[in-house]
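Quick notes on the structure that follows.
Just so you know, all these numbers are worked out from the coordinates, no wet-lab data involved. In this text, all values refer to a predicted model and were calculated from it rather than measured experimentally. Every residue, glycine among them, receives a Cβ derived from its backbone with ideal geometry; neighbour counts consider all protein chains shown.
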Amino acid sequence: MPGAETETLFTGISQLASPGAGQQRGAAMRQLTVTQNAAMLVRKGTVVWVGQKADAPPCEHVCDLGGAAVTPALVDPHTHAVWAGDRLADFEARVAGQTYESILAAGGGIRSTMRATAGASIPELVDLARPRLAALLRSGAATMEVKSGYGLDFPSELRTLLAVQLLGEETRATLLPTLLLHVPPASGRADYVRAVCQELIPQVAAEELASAVDVFCEREAFSVEETRTIFRAARKHGLPFKLHADQFHAIGGTELACELGALSVDHLEASGEAQIKALGASSTVATVLPGVTLHLGLSAAPARRLIEAGACVAVGTDLNPGSSPLSSAQLALALSVRLNALTPAEALTACTVNAAAALGLSDRGALLPGQRADFLALSSADWRDLAYTLGSNPVQTVYVAGQPIRQ
Ligand code: NIG
Ligand code: FE
C-alpha cells in the first residue's frame, strides 16, 4: 500500500490501457496503447515511467495491484450536481406523454428546480451534492466539472458556486466549477443578459468562483445572439466558455461556439451535417451525453459521424435531476458504446483525455510520463470491462495523484 512515499512502483497490472496525451481527434481516438504485465512508476503524484514489469526501474516502495487492469481515471466534463428538490412529478408526466420542452415552457422543469435550489442554504446544497459527487468518484471520475445554473437570481447562483468550492475542499478529486446561464427570466431578458455581462461574470471572474462560463442555447432558453453577448463578456473577463447546444433544435449555437473557440459544445442530439462539419474542423470538443438519450428518449448524438469528420468527442454524465439522473461516469462510458456507437477504445479516450480537453486540461487522462497519476484499478484483468459492465461497478479502487481513495 503506498503511504506518504514520494516514489511508488505499481506492479501486478495485468493490462494497462491508455490513450495518447492531450486532445485526440477522429481516428486517433481508437489508438490506445495496451501494455500486458505492466508496471508504472509514480513520483510525487506524477507518472514517470510506464512499461512491462520485466523492464521496470528499481524502486524501494512497491504496490502490487493483484492482477488488476489499469486505466486512467475518468473525467466527467459535464455535471449539474448541485440542486435541491426533485423532478419525480416531471418524470411521471413525461412517461405519460408530456415533453421536456412543454413542461419547461409551462414554468416547470428546470424552473421548478431553480425555485427549490434558490430556497436552499449553502450547507444544504453541500449536503445534497456530496453523495452525488461521491457516487461519481466511486464510478471512476477523479475530475468533475460542476455547474451552477439553478439559481433563480445572482445571489443563489453565487451560493451554488460557493457550495462547489466547499465540496472541492472536502475531496481529493478535482472539482471544476462552471457558471451556467441556464434559462432567462420570463420577462426582462435583455436587462438580465446585460446584468449577467456587467455584474455577474465580472464578479465571478474577480472572485475566481468559476473556471468557465456555460450557456443553454435553445428555443426555450438563450438565443444565439444572447449567447454571443455572454461569450464576449466571458472572454473579456478571462473566462473560457462552453455551450449546451443542439439538444432539441440546431439553432446555430454550435456554429457560434466553434467560431468563437469555445472549449466544448455539449448535447448535440439534434446536430446535422452543418454542425458536424463545424465541429470536425474545430478544436472545440464535441461532448455527448448518453444519459440524456436514455432518460429523455432523444435520438443519440451522432458521435460516429463526428469522429469520422475528425472531431474530438468526449462523453459526460450530465448528472442533473431533469434530463439525466446518472451518477456513474463508468455507466456513461458504457452507454456511449451502446447508444452513440463508440468503440470501447474510443469511449475510454472520450472519457479521459478528451473529457479533460473539454475542461481545458492537458495534464491528465493518459498514463504516460508527465501526466497526473490519477488512475483506476479495475476488479477485472481486462480493461474492456470498463465499457462492458452495466449496473455493477467494475472500478475497484480510484487513485488520485498516486494515492488510493478509500470510500
Ligand atoms: O444538460 N438542457 C439543459 N440543461 C440540463 C438539464 C437541466 C434540467 O433538466 O434540470 C441538461 O440537459
Ligand atoms: Fe447539462
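Compactness of segment 234-381 is given as radius of gyration and Dmax, 14.9, 49 Å, from Cα positions. In this rough spin-label picture, where each label sits 7 Å from Cα along the Cβ direction, the S299-L166 distance is 4.4 nm. Along the axis of the charge dipole computed for the chain (Cβ charges of +1 for Lys and Arg, -1 for Asp and Glu, origin at the Cα centre), the listed residues T117, A357, G20 are led at the positive end by G20. Using θ = phi - 60° in the Karplus curve 6.51 cos²θ - 1.76 cosθ + 1.60, the 3J(HN,Hα) couplings for segment 43-54 round to 10, 6, x, 10, 5, 10, 7, 9, x, 7, 3, 4 Hz; x is entered for Gly and Pro. By the count of neighbouring beta-carbon atoms within 10 Å, fewest first, I405, I230 end up ordered I405, I230. Packing-based ranking of 199-206, 66-73 yields 66-73, 199-206, ordered from highest to lowest mean Cβ neighbour count within 10 Å. Given A89, T174, F248, which one lies farthest toward the positive end of the charge dipole of segment 75-358, if we put +1 on the Cβ of every Lys and Arg and -1 on the Cβ of every Asp and Glu? Positive-end residue among those listed: T174. Phi angles of segment 9-23 translate, via the Karplus equation with coefficients 6.51, -1.76, 1.60 and θ = phi - 60°, into HN-Hα couplings of 9, 8, 10, x, 9, 5, 8, 10, 10, 8, x, x, 6, x, 4 Hz per residue; Gly and Pro are given as x.
List the aspartates and glutamates whose Cα sits under 16 Å from the Cα of K242, skipping any in the same chain fewer than 8 residues away. Excluding near neighbours in sequence, the set is D76, E145, D214, E218, E225, E226, E255, E259, D266, D318. Across segment 75-358, C-alpha contacts under 8 Å between residues 6 or more apart give a mean separation that, scaled by the residue count, equals a relative contact order of 18 percent.
Cross-link reach is defined here as a Cα-Cα straight distance under 18 Å, omitting same-chain residues fewer than 8 places apart; for K236 none of the lysines meet it.
Computed packing ranks the peptides 208-217, 247-256 as 208-217, 247-256, most packed first, by mean other Cβ atoms within 10 Å.
When +1 charges are put on Lys and Arg Cβ atoms and -1 charges on Asp and Glu Cβ atoms, the dipole computed for the chain relative to its Cα centre reaches about 360 debye. Here the calculated FRET efficiency for A89 and S362, from their Cβ-Cβ distance with R0 = 45 Å, stands at 0.55, rounded to the nearest 0.05.
If one puts a single equal scatterer on every Cα of segment 75-358 and applies the Debye formula without solvent, what log₁₀ I(q)/I(0) results at q = 0.10, 0.12, 0.16 Å⁻¹? Values returned for q = 0.10, 0.12, 0.16 Å⁻¹ are -0.45, -0.67, -1.30. Over the chain, DSSP H runs of length four or greater, each weighted -39,500 (n - 2.57), average out per residue to a 222 nm ellipticity of -9500 deg cm²/dmol. In this structure, the amide hydrogen of G310, modeled 1.01 Å from its nitrogen in the peptide plane, lies closer than 5 angstrom to those of G26, counting only residues at least 5 positions away or on a different chain. Sorting 152-164, 340-352 by their mean Cβ neighbour count within 10 Å, with the most densely packed peptide first, gives 340-352, 152-164. Averaging Cα coordinates gives a centre for segment 305-379 and one for segment 34-108; these two points are 8 Å apart.
Each label point was placed 7 Å from the Cα along the Cα-to-Cβ direction; for R406 and S283 their separation is 4.2 nm. By the beta-carbon count within 10 Å of each Cβ, the least crowded to most crowded order of R189, R384, fewest first, is R189, R384.
Here K277, K147 are placed in order of increasing Cβ neighbour count within 10 Å, fewest first, which gives K277, K147.
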